[in-house]
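Scroll down for the structure; my scribbles are underneath it.
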Amino acid sequence: MTNYETCATDKELEPEENRRGSTIRALIAYWILGLCNNYGYVVMLTAAADIIGENADENGHSKIRENCTYMSTGAILLADIVPALIIKILAPFIPFYVHFRVVLCIVLAASGFIAVAFSESILISILGVVLTSFCSGLGEVTYLQYTSFYKKNVVSAWSSGTGGAGVIGALSYSLLQQIGMKTTLLMMLIVPVMSAVSFWIILPVPSAQDISAALEIQQKVNAEEVENPKAVLLKKLKLIPGLMKFMIPLGLVYLFEYFINQGTFEIIQIPNSVVPESSQYRWLQVTYQVGVFISRSSVNLWHIKQTWIMAILQGLNVIVFTTEAIYYYIPSFYIVVALVLWEGLLGGAAYVNTFYRITNEVEPESKQFSMAITGFADSAGISLAGLFAILAHNAICNIPMPS
């Protein structure tokens, strides 16, 4: 059941003169939803080195490089993305019960923060990360599907909000971490509450015109799913080859950038910098998220149709960061920061331009599924990055430090 199927019967549709106000409310609501949905995911990645560090005795240190542990932050990345990947595979093929999904997201987010806050072992910490991942994956699929019932510019608001989650999540954790990880995570329980307020209070009932167009399409889709689920499944599967032009570049960009973030950031430590070596990982994550936020908020200013270009450029970044992790040839932490900002700009631009193209190029009745299944591509890329990051991290840790 959709949001307006229940609300439209209880409320009068907004008059024409209020449509502008409703549009603004929808943009604000989707920005907050994007922020809240990705906030926990970002916090867990920013806290990855601390989670690993607090369990260093369990993980075991590398004998070659003193700053290495054999459980890299790639393990936290896998816990933070594989559950989301599973959800993204399944969700596009099940009926769209939006209110139930939103409630489940809120419960999962709160449970994840609480589990990591009170954890006394690496297994409980990873369980909390997994719960947060389920929330993020389900929320992304649900909210992106739901954009088909609003004006297409809510996609840019959502994308900007997810970019904002990167900056706000990474920065707030890095600053609040001074008071302890437990207290910091418990304070962050306000985020699931913000999600609920945004979805059920700020997000308006769509206009009459939007309801008519979207409801007609949605009722047709729902009827087909109930009456002939096998035929609908086959129809959806036939759409996938045509969506590969969106999915492959997006998946590659995320494979490359998360390999960099979780395979090399932890190892790259520039001595004699204004930022202590123990804090450099967290602040590189903040810098990356700033780049993502800037580019994810840019789609209303300019569009990039050739998203494959960003995959090539991100691949070049892999070479730079991997060789730096091995040879330590970059002389300044500020140069690393600039490269990380560039990496984030590429990743955010690939994301927002991919989904903006879908809103413009895909038929309305296929848009929900296309949004959802394309979201699978970035999660698949991130999951592969987690595996490769663990292997690369351990291999680099066994190479002697350069003189």
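The values are calculated or read from the model by the stated rules, or taken from the named source; none is laboratory data. If you're wondering where the values come from, they're calculated on a predicted model, not measured in any experiment. Neighbour counts are summed over all protein chains in view; Cβ atoms, including those assigned to glycine, are modelled from backbone coordinates with ideal geometry.
Worth a mention:
- Filtered residue count, segment 364-402, keeping only those that are of a type in the set (Gly, Ala, Ser), within 21 Å of Glu266 (Cα to Cα) and touching a Leu at 6+ places or on another chain (Cβ under 6 Å): 4
- Residue pairs meeting the criteria (Cβ under 7 Å; at least 6 apart or on separate chains; first closer than 12 Å to Gly40 by Cα, in segment 173-188; second among the aliphatic types (A, V, I, L, M) and not in a helix (DSSP H, G or I)): Tyr173/Ala47
- Residues located in segment 370-403, provided they are over 13 Å from the mean Cα position of the chain (by Cα) and within 20 Å of Gly315 (Cα to Cα): Leu384, Ala385, Gly386, Leu387, Phe388, Ala389, Ile390, Leu391, Ala392, His393, Ala395, Ile396
- Residue count for segment 333-363, restricted to those that are touching a Gly at 6+ places or on another chain (Cβ under 6 Å) and basic (Lys, Arg): 0
- Lys63 passes every criterion in (1) under 19 Å from Ala392 (Cα atoms); (2) surrounded by 15 or more Cβ atoms within 10 Å (Cβ to Cβ); (3) of a type outside the set (Gly, Ala, Ser); (4) at pLDDT below 65 apart from (2).
- Residues within segment 34-53 that are free of Cβ contacts under 8 Å to residues at least 40 places away in the same chain and under 14 Å from Gly164 (Cα atoms), tallied: 0
- Scanning segment 169-181 for residues that are surrounded by 13 or more Cβ atoms within 10 Å (Cβ to Cβ) and farther than 17 Å from Phe293 by Cβ yields Leu176, Gln177, Met181.
- The one condition in (1) under 24 Å from Val340 (Cβ atoms); (2) under 19 Å from the mean Cα position of the chain (by Cα); (3) of a type in the set (Val, Ile, Thr) that Thr184 fails to fulfil: (2)
- Only listed residue being in contact with a helix residue (DSSP H, G or I) (Cβ under 8 Å, 6 or more places away or on another chain), modelled with pLDDT under 80 and of a type outside the set (A, V, I, L, M), chosen from Pro15, Pro92, Pro83: Pro92
- Hits in segment 134-190 (condition: at pLDDT below 85, β-branched (Val, Ile, Thr) and either farther than 24 Å from Phe376 by Cα or in a loop (DSSP other than H, G, I, E, B) (or both)): Ile179
- Looking only at residues in segment 288-328 that are touching a residue at least 60 places away in the same chain (Cβ under 8 Å), in a helix (DSSP H, G or I) and among the polar types (S, T, N, Q), the one that is surrounded by the fewest Cβ atoms within 10 Å (Cβ to Cβ) is Thr322.
- Test for Arg20: is it at pLDDT 65 or above and part of a loop (DSSP other than H, G, I, E, B): no
- Residue within segment 259-276 that is part of a helix (DSSP H, G or I), surrounded by 14 or more Cβ atoms within 10 Å (Cβ to Cβ) and among the acidic types (Asp, Glu) present: no
- Which numbered condition Val340 fails, given (1) modelled with pLDDT of 95 or more; (2) surrounded by fewer than 20 Cβ atoms within 10 Å (Cβ to Cβ): (2)
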